[in-house]
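As structure tokens, the structure follows; a few thoughts come after it.
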Amino acid sequence: MRSSQPSGAPDDDGPDGLFGLDEIRTGSPRPAVSGPLFRDSPQARRMLSVREIHAEPAAAASPRGRQVLAGFPDAEVVHADSHWRIPELHGNKGNAERWVRIKSTVLVLGEKKTLTVRPNGRSADWIAPGAANGCAMACAYCYVPRRKGYANPITVFTNIDRIIARIRHHVVGQGPKKEPNQCDPSAWVYDVGENNDCSVDALISENTADLVHAFARWPTAKASFATKFVNPDLLLLEPRGRTRVRFSVMPPEDSRLLDIRTSPVEDRIAAAADFLDAGYEVHFNLSPVVIRPGWEQAWAELLRHMDDVLPQRVKEQAAAEVIMLTHNRDLHDVNMAWHPRAEEALWRPDLQQPKRSENGSWNVRYRNGTKAAAVETVRGLVRTHAPWLTIRYAF
């Protein structure tokens, strides 16, 4: 399937064809696989045992939509006028008590209508239009459900060809990066997983693979996404150093309470060398940092563990982001319906203050003095226990 171009995109962007349209063709051949894929394993099926798929008609009829539907042949397909407006999912308070079940058994297929590339400057230079929204994991602090209301299953955007064409058009327009910055010294970095986890998405479709394949052929840009899930199938792709995987880590005791349905933190750290050897750039997110009794010691132990087990080749190229917890009143109310124990750590009015987010909603974050002191504490712990780990930014 040849991807469609946005209006005004050039037909030929370079003498070597590095940005030619053939390079963003989806469904491209993958390396031969000698054994079964992880996405077909019992572990993957426990993560996604899809029984119900809400689908926009055009999304279901598209090549990517048909591929997804074929992967879950026993699922009931339900017509949806819009992936954003599904009454039995969105705005239904009764779903809060079925939070995890919905994530594992329900899937949504839609077409992404707004293909905006937004400036960022923290995790990446740019936020790319995502190929999915939502997640099968259930991290108690996740910001994505705030927009959907009471349910947050994965929505797969099936018009991946248009998404990649839009990113390509932007990459071409930027040209080479002229000055280094904290995102990357030489490449424009595009976050392709702002509202989803690309590693989990790869259990469902080839969207993640198509993004990795596209960026591998764009010499001035890199893809970047954060993940809490180790998917060995991603090791079969050929990123050629043009995709940055950011493994999110936190003290294991925090993760067991807050990172529901994710890969164990120890497994995420252990996977770093395999991903580096497969051609990815590997960074880490120290995220979120949750202030609770003993948090400093817990982070010190985590950093010592990383220093002990990570090989030198990972350390030489690693960098990290430090992200303090931001929470939300609506999400607090949802969590109280299905996981109230998490709120003992997340909801701390004695330490937090309100903050209006970019989309206009009210969140809570640690008070300015508390947050500044905690950030400096984390920086000091990194200097002491993992001095090889460059902190790209902290907030």
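Give, rounded to the nearest 20 debye, the magnitude of the charge dipole that the chain has about its Cα centre when Lys and Arg contribute +1 at Cβ and Asp and Glu contribute -1 at Cβ. Mind dumping the intermediate values first?
Numbers: 51 positive and 48 negative charges, 164 e Å.
About 780 debye.
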Inset, instruction - With a cut-off of 16 Å, note down the residues of the stretch 202-241 whose backbone N falls inside the zone around a label point 7 Å from the Cα of D40 toward its beta carbon. - result: 203-206, 232-234, 236
Legend entry - For D350, D333, order by how many other beta-carbon atoms lie within 10 Å, fewest first: D350, D333
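Taking only DSSP H segments of four or more residues, each worth -39500 (n - 2.57), what value at 222 nm results for the chain once the sum is divided by all its residues, to the nearest 500 deg cm²/dmol?
On the way: 15 runs with 135 residues, N = 395.
Calculated from helices alone, the mean residue ellipticity at 222 nm is -9500 deg cm²/dmol.
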Inset, instruction - Sort all Cα-Cα distances of the chain into consecutive 10 angstrom bins from zero, then give the percent of pairs in each bin up to the one containing the longest distance. - result: 5, 23, 33, 27, 11, 1, 0
Inset, instruction - Scan around V189 for amide H atoms under 5 Å from its own, H built in the peptide plane at 1.01 Å from N, and keep only partners 5 or more places away or cross-chain. - result: D125, W126, K222
Legend entry - Set of lysines with alpha-carbon distance to K112 below 27 Å, sequence-local pairs under 8 removed: K93, K103, K148, K222, K228
Legend entry - Amide hydrogen neighbours beyond the local backbone of T243, cut-off 5 Å, H modeled: A223, E281
Inset, instruction - Set the Förster distance to 22 Å, then compute FRET efficiency between K315 and T220 from the Cβ-Cβ distance, nearest 0.05. - result: 0.25
Legend entry - ³J(HN,Hα) computed for each position of the stretch 264-280 - Karplus, 6.51 cos²θ - 1.76 cosθ + 1.60, integer Hz, glycine/proline x: x, 4, 4, 5, 5, 5, 5, 6, 4, 5, 4, 5, 4, 5, 7, x, 8
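At 0.36 nm per residue, minus the direct Cα-Cα distance, what do W362 and R66 gain on full extension? Give it in nm, one decimal, please.
Numbers: separation 296, 0.36 × 296 = 106.56 nm, distance 3.90 nm.
Contour length minus Cα-Cα distance gives 102.7 nm.
Only the coordinates and a few stated rules stand behind these numbers; no lab work does. As the structure is a computational prediction, the values presented were derived from the model and not from experiment. No Cβ is skipped: glycine too gets one built from the backbone with ideal geometry, and neighbour counts run over all protein chains shown.
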